[in-house]
Amino acid sequence: MDLMYVTQLLLASLAGLSVGSFLNVVSDRIPAGQSLVSPPSHCPSCETRIRSVDLIPLVSYLVLRGRCRACAATIPIRTLWVEFATGVIFALLWVKFGWSYQGVAMMAYTGLFLAVFIIDLEHHIIPNKVILVGLVASLAIASFWPGVGPVKALIGAGAGFGILLALYLIPGFVIGEGDVKLAAVVGAATGFPIVAVGLGLSFVMGGVVAMLLIITRRSRRKAEIPFGPFIAASAMITLVWGDSILAWYLAQFAILR
Ligand SMILES: [Zn+2]
């Protein structure tokens, strides 16, 4: 491992930590209908403006031991894991893609889908603002993505929306309106026909986790578990390995024949 490699890996991690820090702001303010830029970061308990020395991703949380410097109110642990996770994901993406178009685009997708993941997990909603920004960004990125392009992106968005809308209309099938709209974003990002992998995977993951939660009696009904986080996680996995997953899946049928 040479110095250049380590430096760039560190740079990708730092970019991830900063984006993670911003995602915490997004996840706090968008569901509350607040502006992202003003007022500057402040403690939600005592309203004290947070000094810039206390806004360093990861480090500040650990130095302050998860408490506000002014009033000692608890800072949610989510602040820490979101920063950490974004840093790690950015580092892994850089290792796989480098600073290529796909690498940087995947970092943008990470921001989008992590925001959906956190907000839906905490509030059981996917804000229209996030959906709209996500749809426009995904269509733009996918237009230059190898093997996708603007036509497949548009068809993918329509297909994703259509598939989940059909499921949404089935009585007793528990998915929300936000999930239907999110499927359009995933379809735009992955394109057609890979969107089928993304949505299929989300049902597999959602089903497994729902079963585990019901078995361990943490949740009684399916409706208590938001589906958006599964769609968001599947979208990320599909964007990286979608082609391989589709090839593997189709190969299973070839063996059966
Ligand atoms: Zn405070």
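The values are calculated or read from the model by the stated rules, or taken from the named source; none is laboratory data. All of these numbers come straight from a predicted model, not from anything done at the bench. Don't worry about glycine lacking a Cβ; one is built from the backbone with ideal geometry, like all the others, and counts go over all protein chains shown.
Each residue in the stretch 26-42 was checked for being in a helix (DSSP H, G or I), surrounded by fewer than 17 Cβ atoms within 10 Å (Cβ to Cβ) and within 16 Å of the ligand (Cβ to nearest atom), and 0 pass. Per the conditions (1) loosely packed, with under 14 Cβ neighbours inside 10 Å; (2) over 30 Å from Gly149 (Cβ atoms), the sole criterion not satisfied by Val204 is (2). Out of (1) surrounded by 13 or more Cβ atoms within 10 Å (Cβ to Cβ); (2) within 16 Å of the ligand (Cβ to nearest atom); (3) among the hydrophobic types (A, V, I, L, M, F, W, C), the odd one out for Leu92 is which? Evaluating Leu92 over (1) surrounded by 13 or more Cβ atoms within 10 Å (Cβ to Cβ); (2) within 16 Å of the ligand (Cβ to nearest atom); (3) among the hydrophobic types (A, V, I, L, M, F, W, C) leaves (2) as the failure. In the condition set (1) at pLDDT 95 or above; (2) surrounded by fewer than 13 Cβ atoms within 10 Å (Cβ to Cβ), Gly172 is compliant with all but (1). Among the helices (runs of 4 or more DSSP H) confined to the stretch 104-201, the ones with at least 1 residues that are without any contact (Cβ under 8 Å) to a residue 12 or more places away in the chain and among the acidic types (Asp, Glu) are located at 177-190.
Output yes when any residue across the stretch 135-155 is of a type in the set (Lys, Arg), closer than 20 Å to Ile194 by Cα and out of contact with any strand residue (DSSP E or B) (no Cβ under 7 Å at 6 or more places or on another chain), and no when none is. Scanning the stretch 135-155 turns up at least one residue that is of a type in the set (Lys, Arg), closer than 20 Å to Ile194 by Cα and out of contact with any strand residue (DSSP E or B) (no Cβ under 7 Å at 6 or more places or on another chain). Taking every residue in the stretch 66-78 that is within 7 Å of the ligand (Cβ to nearest atom) and pairing it with any residue that is in a loop (DSSP other than H, G, I, E, B), at least 6 positions away or on another chain, the pairs with Cβ-Cβ distances below 6 Å are Cys68/Cys43; Ala70/Cys46; Ala70/Thr48; Cys71/Ser45; Cys71/Cys46; Ala73/Ser45.
Checked against the criterion of being touching a Phe, Trp or Tyr at 6+ places or on another chain (Cβ under 9 Å) and small (Gly, Ala, Ser), the candidates Ala73, Ala115, Ala105 yield just one match: Ala105. Given the condition β-branched (Val, Ile, Thr) and within 16 Å of the ligand (Cβ to nearest atom), answer yes or no: does some residue in the stretch 118-136 qualify? Looking through the stretch 118-136, none of the residues is β-branched (Val, Ile, Thr) and within 16 Å of the ligand (Cβ to nearest atom). Across the stretch 43-65, which residue is surrounded by the most Cβ atoms within 10 Å (Cβ to Cβ) among those that are within 28 Å of the chain's Cα centre (by Cα) and near the ligand (Cβ under 8 Å from one of its atoms)? Only one residue fits best here, namely Cys43.
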